[in-house]
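Inspection log for the structure reproduced underneath, given as structure tokens.
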Amino acid sequence: MKKSDLVEAIAQKNNLPKAQTQQVLEDVLECISVALARGEKIDLRGFGTFSVRESAARTGRNPQTGDPIHIPARRMPGFKPGKELKERCNAELTK
Amino acid sequence: MTKADIIESVYERVGGYSKKEAADIVEAVFDTLKATLEAGEKIKLSGFGNFVVRDKKARVGRNPQTGEEITISARRVLTFKPSQVLKHALNS
């Protein structure tokens, strides 16, 4: 399911205009991205937590040539699903 | 940052909604995300990342405290793979 399908589903289920639904979805994603860029953690009850994970610099290797390459320290976005979402994803299997 | 901050932003930036309506529509966004993932379907959000539900097979684990062998049952886990755009935004 891509963004446009998601907008369609949200709009239909909640009887909302598509244009505004798309704006809201974009704004939600924008809010999360901006907060992550500031290094902030985003706690969304029932859904999960987005956070910034620091990864240390390391020496990697070009898999094609075998040449060692330096991979600098960087920040990576991380997501940890919340309890409710975790359980719901698993529901079909535990039934 | 919490959902309340996101609702505030939607209320300010997307016109035409009261605060209550903004809260309802943000909630609707997350409800649909959850329902879609619950159904096992993946969600691809361009510029943000992909949410994918993965099937894990049962495997044998060990209780780290007692050393006892235990079976970890088959399960579904949700993974998030951030897009290049998001990764770049965190490192510029």
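The values are calculated or read from the model by the stated rules, or taken from the named source; none is laboratory data. Given the structure is predicted, the values throughout are model-derived calculations rather than measurements. Cβ sites come from the backbone with ideal geometry, for glycine too, and all protein chains shown count toward neighbours. Protein only, heavy atoms only, side chains kept; ligands, DNA and RNA dropped before computing areas. Shrake-Rupley method; radii C 1.70, N 1.55, O 1.52, S 1.80 Å.
Condition (residue is over 26 Å from residue B:15 (Cβ atoms), among the polar types (S, T, N, Q) and at the interface with chain B (Cβ under 8 Å from one of its Cβ atoms)) applied to the stretch A:75-92: is it met by at least one residue? Looking for residues that are over 26 Å from residue B:15 (Cβ atoms), among the polar types (S, T, N, Q) and at the interface with chain B (Cβ under 8 Å from one of its Cβ atoms), one finds at least one in the stretch A:75-92, hence yes. Here is the figure for the stretch A:13-27: residues that are part of a helix (DSSP H, G or I) and open to solvent by 40 Å² or more (accessible area, probe 1.4 Å) total 8. The strands (runs of 3 or more DSSP E) located wholly in the stretch B:52-92 that include 3 or more residues which are within 14 Å of chain A (Cβ to nearest Cβ) and under 29 Å from residue A:52 (Cα atoms) occupy B:75-82. Taking the criterion of being part of a loop (DSSP other than H, G, I, E, B), at the interface with another protein chain (Cβ under 8 Å from one of its Cβ atoms) and surrounded by fewer than 14 Cβ atoms within 10 Å (Cβ to Cβ), the only residue of the stretch B:1-28 that qualifies is B:16. Residue A:9 - would you say it is in contact with a Leu (Cβ under 6 Å, 6 or more places away or on another chain) and open to solvent by 10 Å² or more (accessible area, probe 1.4 Å)? Here the answer is no, as residue A:9 does not meet what is asked. For the stretch B:14-22, the count of residues that are without any contact (Cβ under 8 Å) to a residue 60 or more places away in the chain, out of contact with any His (no Cβ under 8 Å at 6 or more places or on another chain) and closer than 19 Å to residue A:49 by Cα is zero.
This table checks each residue for (1) out of contact with any helix residue (DSSP H, G or I) (no Cβ under 6 Å at 6 or more places or on another chain); (2) modelled with pLDDT under 95.
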site	(1), (2)
B:18	yes, yes
B:26	no, no
B:34	no, no
B:44	yes, no
B:60	yes, yes
B:76	no, yes
B:88	yes, no
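Can residue A:58 be described as under 18 Å from residue B:85 (Cα atoms) and at pLDDT below 95? It is false that residue A:58 is under 18 Å from residue B:85 (Cα atoms) and at pLDDT below 95.
Yes/no per residue for (1) of a type in the set (Val, Ile, Thr); (2) closer than 26 Å to residue A:38 by Cα:
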| site | (1), (2) |
| --- | --- |
| A:64 | no, no |
| A:69 | yes, no |
| A:73 | no, yes |
| A:76 | no, yes |
| A:80 | no, yes |
| A:86 | no, no |
| A:90 | no, no |
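What number of residues within the stretch A:1-57 are among the β-branched types (Val, Ile, Thr), facing another protein chain (nearest Cβ under 7 Å) and in contact with a Pro (Cβ under 9 Å, 6 or more places away or on another chain)? The number of residues fulfilling the criteria is 1.
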